[in-house]
Amino acid sequence: MEALVLRERVIGVDISNDATNLAIVDVRGNIIAKDCFPTNDYPDINHYVNKLVEVIITLSENNGGYDKIRSIGISCPSSNFMTGSIENAANLPWKGVIPLAAILRDQLGAAVAVGNDCHASALGERMFGCAHGLKDFLVVNLGIGLGSCYFSNGQEQHGAMGYAGEIGHTCLIDGGRPCGCGRKGCLEAYTAANGLVQNARDLMAESDAPSLMREQAELTPIIIEKLCEKGDALAIETYRRTGYLFGIGLANYASIINPEVIVVTGGISQAGHWLLEPAIESFESHVFPNLSGKVKIIRSRLDYRERDVLGASALAWEVPEYSLFK
């Protein structure tokens, strides 16, 4: 009788716009080994999948063997946990609907779960971060895009078709700025990375006030944040305006789902008080009055790359075990 192979490890993969990070994770949440490669080096999805499969197998074989891997969890923007597909991603090089879970399952011979990056972030925060022990909370990822995942009564909510939590594509201004999703006036277009930079450009156009932002060859959220630290008034106002609009979006969201805590993650959240103080002030001005002063808004304390691969590993443990090679 053939001996049963006990699979006590999974692989968590976090796909972001710039990099793909992956790690082998054991049942206790310990990271055994990790690797990464640039996402943007593979604009063809077939070449990207080939690279991902190669790295998964190599990492596994170099750290105890692929036969120890139970399943793979993938965290990716614009992914649908219910279909296992990347669907019409606004900020990734691959367009249309990509059945990533099915493709990888066939190539790797193992169970694969694919979920939205915010879903994975929320799982990571629940297991290891600020949301540990909470039942009703919201995780919002503000970076290149704007997405979210919320838990109600201890359960993550996907909605009827897997699209719950798309806060970035709620309408803030009717007929406003174009958004990567193809609509106009979305919250993401005013608060995510490109939206914040556009806020800076609008402020410079509205005023003749001196600003170090005018001297920059390129404006990015990080550069604007550094100018805030130098006391640049227009840079500070850029984050204040962005935070104000972000606070309106959070207030509308909280008024519907009534969370205990809102955890803010993503690259732009690294601006800290420059963003969060005006966001919290705006939130309190716009939220349903019965919730005023009762919802905590905090910034994630976890290293985002570690949190997201751990969150992706949580997706992997949830999918039923499967192998073509048993």
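The values are calculated or read from the model by the stated rules, or taken from the named source; none is laboratory data. This one's a predicted model, so the numbers in the text were calculated from it and none came from an experiment. Quick reminder, even Gly has a Cβ in these numbers, built from the backbone with ideal geometry, and neighbours come from all protein chains shown. Surface accessibility is based on the protein's heavy atoms, side chains included, excluding ligands, DNA and RNA. Shrake-Rupley method; radii C 1.70, N 1.55, O 1.52, S 1.80 Å.
Which residue, of ALA89, ALA164, is open to solvent by less than 40 Å² (accessible area, probe 1.4 Å) and either over 28 Å from ASN258 (Cβ atoms) or among the aromatic types (Phe, Trp, Tyr) (or both)? Can you show your working first?
Details: ALA164 fails: either over 28 Å from ASN258 (Cβ atoms) or among the aromatic types (Phe, Trp, Tyr) (or both).
Answer to the check: ALA89.
Hey, does the range 253-260 have a residue that's in contact (Cβ under 8 Å) with a residue 60 or more places away in the chain, outside any helix (DSSP H, G or I) and in contact with a Gly (Cβ under 9 Å, 6 or more places away or on another chain)?
First pass over the range 253-260, keeping only residues in contact (Cβ under 8 Å) with a residue 60 or more places away in the chain: 253-254, 257-260.
Those left that are additionally outside any helix (DSSP H, G or I): 258-260.
Next, only the ones that are in contact with a Gly (Cβ under 9 Å, 6 or more places away or on another chain) stay: none.
For the range 253-260, residues in contact (Cβ under 8 Å) with a residue 60 or more places away in the chain, outside any helix (DSSP H, G or I) and in contact with a Gly (Cβ under 9 Å, 6 or more places away or on another chain): absent.
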For the range 68-78: of the residues being touching a helix residue (DSSP H, G or I) at 6+ places or on another chain (Cβ under 7 Å) and among the small types (Gly, Ala, Ser), which is farthest from ARG9 (Cα to Cα)?
SER75
Of everything in the range 170-187, what is free of Cβ contacts under 8 Å to residues at least 60 places away in the same chain and either among the basic types (Lys, Arg) or buried (at least 20 other Cβ atoms within 10 Å of the Cβ) (or both)? Give them in sequence order.
ARG177, ARG183, LYS184, CYS186
Over the range 106-121, the set of residues buried (at least 22 other Cβ atoms within 10 Å of the Cβ) and within 13 Å of ILE56 (Cα to Cα) is LEU108, ALA110, VAL112
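Going through the range 82-112 one residue at a time, which ones are β-branched (Val, Ile, Thr) and part of a helix (DSSP H, G or I)? Steps first, answer last, please.
Of the range 82-112, the ones β-branched (Val, Ile, Thr) are 83, 86, 97-98, 103, 112.
The answer is ILE103, and nothing else.
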Inspect the range 123-137 for any residue being at pLDDT 95 or above and not in a loop (DSSP other than H, G, I, E, B) and give the result as yes or no.
yes
What are the residue pairs meeting all of these: first residue in the range 60-78, first residue more than 16 Å from PRO320 (Cα to Cα), second residue part of a strand (DSSP E or B) and open to solvent by 50 Å² or more (accessible area, probe 1.4 Å), Cβ atoms under 6 Å, and 6 or more apart or on different chains?
ASN63/ILE32
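Let's see how each residue does on (1) farther than 27 Å from SER79 by Cα; (2) of a type in the set (D, E, K, R):
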residue	(1), (2)
GLY147	no, no
LEU172	no, no
CYS181	no, no
GLY185	no, no
ALA217	yes, no
LYS226	yes, yes
Close pairs (7 angstrom Cβ cut-off, 6 or more residues apart or separate chains): at positive phi in the range 271-283, open to solvent by 20 Å² or more (accessible area, probe 1.4 Å) and not in a helix (DSSP H, G or I) anywhere
GLY272/ARG299
Count of residues meeting criterion [surrounded by fewer than 19 Cβ atoms within 10 Å (Cβ to Cβ), among the small types (Gly, Ala, Ser), at pLDDT 95 or above and outside any helix (DSSP H, G or I)] in the range 204-243
1
Under 6 Å between Cβ atoms, which residue pairs at least 6 apart in sequence (or on different chains) link something in the range 24-49 that is within 17 Å of ARG305 (Cα to Cα) with a partner that is of a type in the set (Gly, Ala, Ser) and in a helix (DSSP H, G or I)?
VAL25/SER313
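Could you grab me the full set of residues in the range 284-317 that are hydrophobic (A, V, I, L, M, F, W, C), without any contact (Cβ under 8 Å) to a residue 40 or more places away in the chain and not in a helix (DSSP H, G or I)?
Residues satisfying the conditions are VAL287, PHE288.
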